[in-house]
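The values are calculated or read from the model by the stated rules, or taken from the named source; none is laboratory data. Just so it is clear, the model here is predicted, and its values are computed rather than measured. Cβ: placed from backbone, ideal geometry, glycine included. Neighbour counts: every protein chain shown.
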């Protein structure tokens, strides 16, 4: 791509960034990039307030990771290890625990509303008013006020783009090292330049939340081919991994996430593997290893070929998504494997879609 086109697209991105970051938004104003909880008012706070008219949306939300942001076993395990109030600000944003505390008091009950995680009100309700992407003031049940920021990436990046915490109390501050950078990755993607938002892919249909935690969504969007061969008595297996349409790196978000490509002999002994992840030394955020699929500026697809080799023939190949890769040994026996492992493929070492 020539420099003029790159410059033009960069100006467009900066313009979009300026537009998205300016203007009044009742929805965005309480968000804090995880620095404190969200105060929304005393009315229409629970998802149960919405179910009578929005059964399908409620059902889809109830099965999503947003609904289980606080209650899921992986977060609960993490919270037990590091009971930070800061963690609640995104996983249970309607909590009422004092921000002056660093750690949660032992066995504290944060309340039923906070346990709903990221519920309807977190994104749609402020001071008893319901906000949507379109205005409708004629509904008998309730008025809907327009807030265009509901379709902006800023709504999502407040919790999905942040640096490592420097201090937790009396105020949360961040250092200069990214802990999760999904929003930054998205900013220079082709998707964003087209005017798409995170919601364009991840909430495309009736509030069904797409993402790596939605295993059907992950399996549908990750494309792969596997081809085996033998050269000079050496056995080779070539994996091709790709995404036709994506707006960020893969994996993205939580640093514990990884994808492994694995080969096994006929007795299911592992022959070789390759890990796609970003591994940091948490104490100083030093990058030890980064083998992720990195989205280049102004593009929308990812692809990588990996060749594994062995002396023995690979009879079984696996593609496995890991939700807690660095600490899986600590979870064994405490949490079912299926909670932190997802076998996308387990079969023969020749597979063409």
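Structure values in brief
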item: From the options 144, 125, residue that is farther than 19 Å from residue 198 by Cα and touching a strand residue (DSSP E or B) at 6+ places or on another chain (Cβ under 7 Å); result: 144
item: Cβ pairs under 7 Å, 6+ apart, first in the range 217-238 and assigned by TED's automatic domain parsing to the domain that holds residue 250, second modelled with pLDDT under 95; result: 223/353; 225/351; 225/352; 225/353; 226/351
item: Close pairs from the range 162-173: first assigned to a loop (DSSP other than H, G, I, E, B), partner surrounded by 16 or more Cβ atoms within 10 Å (Cβ to Cβ), Cβ under 6 Å, at least 6 apart; result: 168/86; 172/35; 172/86
item: Residue list for the range 192-211, restricted to those being modelled with pLDDT of 95 or more and under 13 Å from residue 118 (Cβ atoms); result: 202, 209, 211
item: Residues within the range 45-56 that are touching a helix residue (DSSP H, G or I) at 6+ places or on another chain (Cβ under 6 Å) and either surrounded by fewer than 17 Cβ atoms within 10 Å (Cβ to Cβ) or under 17 Å from residue 96 (Cβ atoms) (or both), tallied; result: 2
item: Unique match (being in the same structural domain as residue 156 (by TED's automatic domain parsing), under 18 Å from residue 206 (Cα atoms), out of contact with any strand residue (DSSP E or B) (no Cβ under 6 Å at 6 or more places or on another chain) and assigned to a helix (DSSP H, G or I)) among 89, 60; result: 60
item: The listed residue being under 23 Å from the mean Cα position of the chain (by Cα), modelled with pLDDT under 95 and not assigned by TED's automatic domain parsing to the domain that holds residue 284, out of 127, 177, 163, 138; result: 177
item: Number of positions in the range 115-134 that are touching a helix residue (DSSP H, G or I) at 6+ places or on another chain (Cβ under 7 Å) and outside any loop (DSSP other than H, G, I, E, B); result: 6
item: Test result for residue 130, within 23 Å of residue 60 (Cα to Cα) and buried (at least 17 other Cβ atoms within 10 Å of the Cβ); result: yes
item: All strands (runs of 3 or more DSSP E) inside the range 234-327 with 3 or more residues being surrounded by 13 or more Cβ atoms within 10 Å (Cβ to Cβ) and at pLDDT 95 or above; result: 234-243, 258-264, 270-276, 302-310, 316-322
item: Residues (over 13 Å from residue 314 (Cα atoms) and either surrounded by fewer than 17 Cβ atoms within 10 Å (Cβ to Cβ) or in contact with a strand residue (DSSP E or B) (Cβ under 6 Å, 6 or more places away or on another chain) (or both)) located in the range 222-232; result: 223, 224, 225, 231, 232
item: Close pairs from the range 192-215: first at positive phi and not assigned by TED's automatic domain parsing to the domain that holds residue 295, partner part of a helix (DSSP H, G or I) and buried (at least 20 other Cβ atoms within 10 Å of the Cβ), Cβ under 8 Å, at least 6 apart; result: 207/61
item: Condition met for residue 185 (buried (at least 17 other Cβ atoms within 10 Å of the Cβ), within 26 Å of residue 35 (Cα to Cα) and either in contact (Cβ under 8 Å) with a residue 12 or more places away in the chain or touching a helix residue (DSSP H, G or I) at 6+ places or on another chain (Cβ under 7 Å) (or both)); result: yes
item: Which listed residue is in contact with a helix residue (DSSP H, G or I) (Cβ under 6 Å, 6 or more places away or on another chain) and touching a residue at least 40 places away in the same chain (Cβ under 8 Å), from 101, 150; result: 101
item: Out of 149, 205, 196, sole residue that is more than 14 Å from the chain's Cα centre (by Cα), under 27 Å from residue 25 (Cβ atoms) and assigned to a helix (DSSP H, G or I); result: 149
